[in-house]
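Data first, discussion second: the structure below is written as structure tokens.
The values are calculated or read from the model by the stated rules, or taken from the named source; none is laboratory data. Quantities reported herein were computed from a predicted structural model and do not represent experimental measurements. Note that each Cβ is placed from the backbone with ideal geometry, even for glycine, and that neighbours are counted across all protein chains shown. Just the protein is used for accessible areas: all its heavy atoms, side chains included, with ligands, DNA and RNA removed. Shrake-Rupley method; radii C 1.70, N 1.55, O 1.52, S 1.80 Å.
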Amino acid sequence: MKPLLYFFFSDETTNYVRWRWRHNKASFFLIPLEWIVSLYKIRTSRESQEMLTVPLSELPAVLQPHFSNFYIQPNEVEAIADYARKTIPEQVASIMSQAREMTNGKIPLSTGYDVIFSNAGWRPSVNDQEHLFCLNRWAFGTILAKAWAYSREPQFARCFSNYLDNWIQSNPPTSGDPVWESYSVSERIVQWCFCSALLWNSPDFQKSTFPKLSDQLELHARWLLEHLETRVIHNHLINNARALYMMGSLFELESFRKLGKTILEREMARQVLPDGVLGEQSIPYHLLLTRTYVEAAILARQSKRELAAPCVDRLKLMIDASSKFLRADGSVPLVGDVSPDIPLSALRGMVGVGQIFFQFPVSEPLSESARWYVAPSIANKTPDIFSESMGPRSFYFPFTGFSGYQTNTLHLLVHSDPRGEVFRHGHADASSVSLWHAGQEILIDSGNFSYNYDKWWRYFRSSEGHNTLTIDGLPPYPVADFLAPLYAEDYRKATAELSEPQLIDRWWVCETRHTGYARIDPSLHIKRRIIAAPEYVWVTDWVKSKDSHNFEARWHWGTNAFKESGPGRWTMMYPKNKEVGVLLLRDHKAVSAEWPLGISTPSPQGWYSPDYGRKQVALASTIRGNYIGSNRLDLLVLFTEDTSKIEFMPESNGSAHIRHPLWNDEFHFGASQPKIHRETIRA
């Protein structure tokens, strides 16, 4: 009900009604009927199921694991645990600390919520249902299983068994129960298979715990087959297939393995675009699905049934893309939604596993969770740093609209999806920029705090939470999630371009364009140019239209400390005495800005969500104004010392100068490649 209320009373829907009136006054009166028909189609399509089944008779009375088909064997657990204790003691200590809390009835979830089990049970009273999902997806069980492997203390195996007994008694399979929604069923299957390998040699596990777990795995497999999430194309179906494939591999159930493999290979072709990036407009979810397919490739090789060549080829592209999204310190731009089920640090480690599996140069260190996929003898030979010899890298993913520039000290990412629309896990971030420098988040994408339909959902998904330009208070593209069909296709569809970046000597240059605001004014077009050099990043926005419009240009910063150092000039102060200079201009002149920080009413401004379920105040700068005809905005971010001595002089003829006491950069922009030159000034 909430999504419908937000839809009908939103500024976007008001603009849509006006748009229909302007374009066709006769069709304007058909809107209520169209909405009724669209809502019916949405509901029936979400309820329809594609028939994908296997013979249920294949499930034996008692499941017998074949660990030789799995990515970890019980006889390897002690060696892997010993290697992890020696090489990553801090991460192992964190696992042990969480497990000890669980033995005392406190379950910390990856969503940032702690469940006091004696009070809440399996149905905690929460504002966000994702906390309930997370608890019942049983990632905590893996922590208990690992704690047993690291310590050999029987209490952790007993605690796992006690929680399992309680869960079985409290959660009979019930249609409509959120605990039994298919994604959660899939997660439990995967977690319980993994735990079986870790706990296999623990006291009483084979005799007492595993028979109960075997019954549940059989029950869950039957349930999942009858509730596959085939109604729409999204990553949930891939997760269903992951569970089926793991069940089939571990327990030698060929039909399950075949069905899981078929879906995984088909969805790779449908959901991962030819440039190797997941089509859901989310870097964290791209990393999550890379994890899933790396896991499947390992299982396929263990079972001596390799994935199809086209699937493997695209997986290699996924791994390569992941390595380009990750920065030298392991952080990642939070473009799009963040999964509440697994920390990003664990997903980074799985990129390293994929690099090892395919014998790529290894740039990503193996996290604690990733080391269970790799034998110690192999893990010990892999480098844990970004290689200096790799040098600067420009990357470009034309189908999904990502482009960027990467070195050891600089990571710049631009997102402008050429499909001109917001998709499932995407945000209203057309032409948005994220910037990291020397271990510091400079320009941040604000992430996502929750999937609840409230003001926070709107803020973190809307253009207000991104480094982009908005016109008349609307995002570049409508943000309507699954209700998008309630808007006419002509209204919600735009054209967008992301040029292939150019490396010109020491400079990286990229341009974006989109027509997302044609739904306001057909003559309104936006262009953005981004230039990066070791000393600075320069972003220019042009807005052109025939009529008068209001604009808002927002920039979100990875610090809360700043000071004004002159007209249109600020200094951003970061930890370890790092300072970054910022210049803001409008039509070549210094401009003032608002600096909201942690505002909640009437609407949020100045917030950041580094992990799902957690938000914190974050500095933002906002330039507001009105224009008619054309408007130009410039942002210059400076990394050099003595930024107060930098002179920035963009000219109306398209030329520009950026002057430092020791050098002078000249820019001349024409129809083809820009001409850029540095003149060195003698001290």
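Which residues, counting only those in region 580-609, are surrounded by 18 or more Cβ atoms within 10 Å (Cβ to Cβ) and part of a strand (DSSP E or B)?
V580, G581, V582, L583, L584, L585, R586, Q605, W607, Y608, S609
I'd like to verify a number: residues in region 252-275 that are touching a Gly at 6+ places or on another chain (Cβ under 8 Å), surrounded by fewer than 22 Cβ atoms within 10 Å (Cβ to Cβ) and of a type in the set (D, E, K, R), how many?
2
Count, please, the residues in region 320-339 that happen to be open to solvent by less than 10 Å² (accessible area, probe 1.4 Å), outside any loop (DSSP other than H, G, I, E, B) and touching a strand residue (DSSP E or B) at 6+ places or on another chain (Cβ under 8 Å).
Counting residues in region 320-339 that are open to solvent by less than 10 Å² (accessible area, probe 1.4 Å), outside any loop (DSSP other than H, G, I, E, B) and touching a strand residue (DSSP E or B) at 6+ places or on another chain (Cβ under 8 Å) gives 2.
Out of region 510-544, which residues are open to solvent by less than 10 Å² (accessible area, probe 1.4 Å) and among the polar types (S, T, N, Q)?
T512, T540
If I filter region 382-395 for residues that are at pLDDT 90 or above and either part of a strand (DSSP E or B) or under 28 Å from V190 (Cβ atoms) (or both), do I get at least one hit? Break it down stepwise before answering.
First, pick out the residues of region 382-395 that are at pLDDT 90 or above: 394-395.
Restricting the remaining residues to those that are either part of a strand (DSSP E or B) or under 28 Å from V190 (Cβ atoms) (or both) gives 394-395.
Among the residues of region 382-395, at least one is at pLDDT 90 or above and either part of a strand (DSSP E or B) or under 28 Å from V190 (Cβ atoms) (or both), which makes the answer yes.
For every residue, the table says whether it meets (1) of a type outside the set (K, R); (2) without any contact (Cβ under 8 Å) to a residue 40 or more places away in the chain; (3) under 19 Å from M247 (Cα atoms).
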position: L273; (1), (2), (3): yes, no, no
position: G276; (1), (2), (3): yes, no, no
position: K304; (1), (2), (3): no, yes, yes
position: I319; (1), (2), (3): yes, no, no
position: K324; (1), (2), (3): no, no, no
position: G330; (1), (2), (3): yes, yes, no
position: P333; (1), (2), (3): yes, no, no
position: V338; (1), (2), (3): yes, no, no
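Return the residues of region 95-132 that are closer than 20 Å to S609 by Cα and either open to solvent by 50 Å² or more (accessible area, probe 1.4 Å) or at pLDDT 95 or above (or both); say none if nothing qualifies.
The answer is S110, G112, Y113, D114, N127, Q129.
Identify the residue in region 396-410 that is at pLDDT 90 or above and in contact with an Asp or Glu (Cβ under 9 Å, 6 or more places away or on another chain) and, among all such residues, is most open to solvent (accessible area, probe 1.4 Å).
F399
Just wondering, is there one or more residues in region 30-38 that are at pLDDT 85 or above, outside any helix (DSSP H, G or I) and either within 20 Å of E489 (Cβ to Cβ) or open to solvent by less than 80 Å² (accessible area, probe 1.4 Å) (or both)?
Yes, that holds for at least one residue.
Can you say whether D634 is more than 24 Å from F562 (Cβ to Cβ) and buried (at least 16 other Cβ atoms within 10 Å of the Cβ), as far as the supplied structure shows? Steps first, please.
Numbers: more than 24 Å from F562 (Cβ to Cβ): no; buried (at least 16 other Cβ atoms within 10 Å of the Cβ): yes.
The answer is no for D634.
Could you list all residues from region 339-355 that are more than 25 Å from P274 (Cβ to Cβ) and not small (G, A, S)? Can you show your working first?
Taking region 339-355 first, the residues more than 25 Å from P274 (Cβ to Cβ) are 340-346, 349.
The answer is P340, D341, I342, P343, L344.
Collect the residues in region 151-185 that are of a type in the set (S, T, Y) and touching a His at 6+ places or on another chain (Cβ under 8 Å), keeping them in residue-number order.
Here is the first cut: in region 151-185, the ones of a type in the set (S, T, Y) are 151, 161, 163, 170, 174-175, 182-184.
Of everything in region 151-185, those that are of a type in the set (S, T, Y) and touching a His at 6+ places or on another chain (Cβ under 8 Å) turn out to be S182, Y183.
Of all residues in region 643-653, which are over 17 Å from T680 (Cα atoms) and either open to solvent by less than 20 Å² (accessible area, probe 1.4 Å) or of a type in the set (K, R) (or both)?
Hit for region 643-653 is P650, nothing else.
State whether one or more residues within region 58-65 are of a type outside the set (F, W, Y) and at pLDDT 90 or above. Write out each step before concluding.
Of the residues in region 58-65, the ones of a type outside the set (F, W, Y) are 58-65.
Restricting the remaining residues to those that are at pLDDT 90 or above gives 64-65.
Yes, region 58-65 contains at least one residue that is of a type outside the set (F, W, Y) and at pLDDT 90 or above.
List pairs: first in region 565-585 and under 20 Å from P650 (Cβ atoms), second assigned to a strand (DSSP E or B) and small (G, A, S), Cβ under 6 Å, 6+ apart or cross-chain?
Pairs that qualify, where the first residue is under 20 Å from P650 (Cβ atoms) and the partner is assigned to a strand (DSSP E or B) and small (G, A, S), are P567/A590; G568/A590.
Within region 402-422, which residues are under 19 Å from W436 (Cα atoms) and touching a strand residue (DSSP E or B) at 6+ places or on another chain (Cβ under 6 Å)?
The first filter runs over region 402-422 and keeps only residues under 19 Å from W436 (Cα atoms), leaving 402-416.
Once the filter is applied, which keeps residues that are under 19 Å from W436 (Cα atoms) and touching a strand residue (DSSP E or B) at 6+ places or on another chain (Cβ under 6 Å), region 402-422 yields F402, S403, G404, Y405, Q406, L410, H411, L412, L413, V414, H415, S416.
Take the residues in region 557-579 that are under 15 Å from I442 (Cβ atoms) and basic (K, R); name whichever of them is most open to solvent (accessible area, probe 1.4 Å).
Looking only at region 557-579, we keep the residues that are under 15 Å from I442 (Cβ atoms), and these are 557-562, 570-576, 578-579.
Now restrict to residues that are basic (K, R): 576, 578.
Working: K576: 188, K578: 36 Å².
Within region 557-579, the match that is most open to solvent (accessible area, probe 1.4 Å) is K576.
Could you tell me which of the residues I623, I681 is open to solvent by less than 70 Å² (accessible area, probe 1.4 Å) and either more than 30 Å from D521 (Cα to Cα) or at pLDDT below 90 (or both)? First the steps, then the outcome.
Details: I623 fails: either more than 30 Å from D521 (Cα to Cα) or at pLDDT below 90 (or both).
It is I681.
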